[in-house]
Structures are given as structure tokens and as C-alpha cells.
1. Do we find that PRO140 is at pLDDT below 95, more than 12 Å from the chain's Cα centre (by Cα) and farther than 24 Å from ASP43 by Cβ in this structure?
2. Considering only residues that are of a type in the set (Lys, Arg) and without any contact (Cβ under 8 Å) to a residue 60 or more places away in the chain, which ones fall in the stretch 97-120?
3. Quick check: is even one residue across the stretch 7-30 closer than 23 Å to LYS121 by Cβ, of a type in the set (Gly, Ala, Ser) and at pLDDT 95 or above?
4. Collect the residues in the stretch 109-133 that are modelled with pLDDT under 95 and basic (Lys, Arg), keeping them in residue-number order.
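The values are calculated or read from the model by the stated rules, or taken from the named source; none is laboratory data. Bear in mind the structure is a predicted one, so any value in this text is a computation, not a measurement. Methodologically, a virtual Cβ is constructed for each residue, glycine included, from the backbone with ideal geometry; neighbour enumeration extends over all protein chains shown.
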Amino acid sequence: MADKLTSEQRHRCMAAIKGKNTRPEIIVRKFLFANGLRFRIHDRRLPGTPDIVLPKYHTAIFINGCFWHGHEGCQFSHLPSTNSTFWQRKIDLNKARDMRVAVELRLRGWRVIRLWECGLKNKETSEATLQTLLRTIHTPPSSAPAISTTPGYTTPLPH
Ligand SMILES: [Zn+2]
């Protein structure tokens, strides 16, 4: 069957499926822009199509939904009580892919930052998450902390 979607329609369709251009993503983009940082979004040339890429800082940012990406110890990642094996399997696969993508990006010289939706839920936590993000971007990778103490903010692997 012929593909009758325009590229704009296709983009919107993919956005709906993959959860692109979500509210937390918009919050992060606005913040980065307001702080004078320039970035690309959804760069398909890189493994895992990072949500935000800062070429100047060789940094790729993923903004993850807590449920789908299995945010450990997070109140928003609880499995539904029915079909929990099914959901667990799905989420395990997502987590394995996230890890693989992070390793591939690191091998290519990119720093990977993962932000969680719960860290961008309200004004207070967002502010803390975004300030940590900004500090991390401006810190050379070798001296950046592997794991931040700010809730909702982690980097998946030590640098
Ligand atoms: Zn979370």
C-alpha cells in the first residue's frame, strides 16, 4: 500500500508512538535555550535518537518516562497488578536497549545524560533537576559526578 502520509503527518504519528515532544522535553528545551545553549532534537544519526543533542558539548540527553524506562525506586514506575509479567518484560527490554544505546554513544565520544519525568513534574523539582543539568553540561566529563544526588536525575554509567 502506498504511503500517503506527508512527512509532517508521519512526524506527528511517530511523535505520538515514541512519546516525542512531551511536556518534560519542552521544559528542558526551553530551559537550555534560555541559558544560551544551542541543540538539535531527535537526532536520528545517533544511536537511540537522543531527545536533545548539544553538539558543542558532545552531550546527548534522554528524557525518560518513569514507567516505560523502569525508573528504579520511583513511585511512578509501579507495574499494573494485572499482566505484570508482560509489563515487566517490556520494561526490561526498554532498559536493556537504553543501556546499549548509552554504551554505543559513549564509544563514539558522547556524554549521556538521562533525565527522568518525575524530576520535571513540578516547579520545585524541575528547577533542581535543570540546575543540575546545566552544571553537568558545563563540567568537563572527567570531573563530572557519576551519579547526582538530586532526585530524578541520574547518569546511567560512570564516566
Ligand atoms: Zn521517576
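1. no
2. Within the stretch 97-120, ARG97, ARG100, ARG106, ARG111, ARG114 meet the criteria.
3. No, the conditions are met nowhere in the stretch 7-30.
4. Hits for the stretch 109-133 are LYS121, LYS123.
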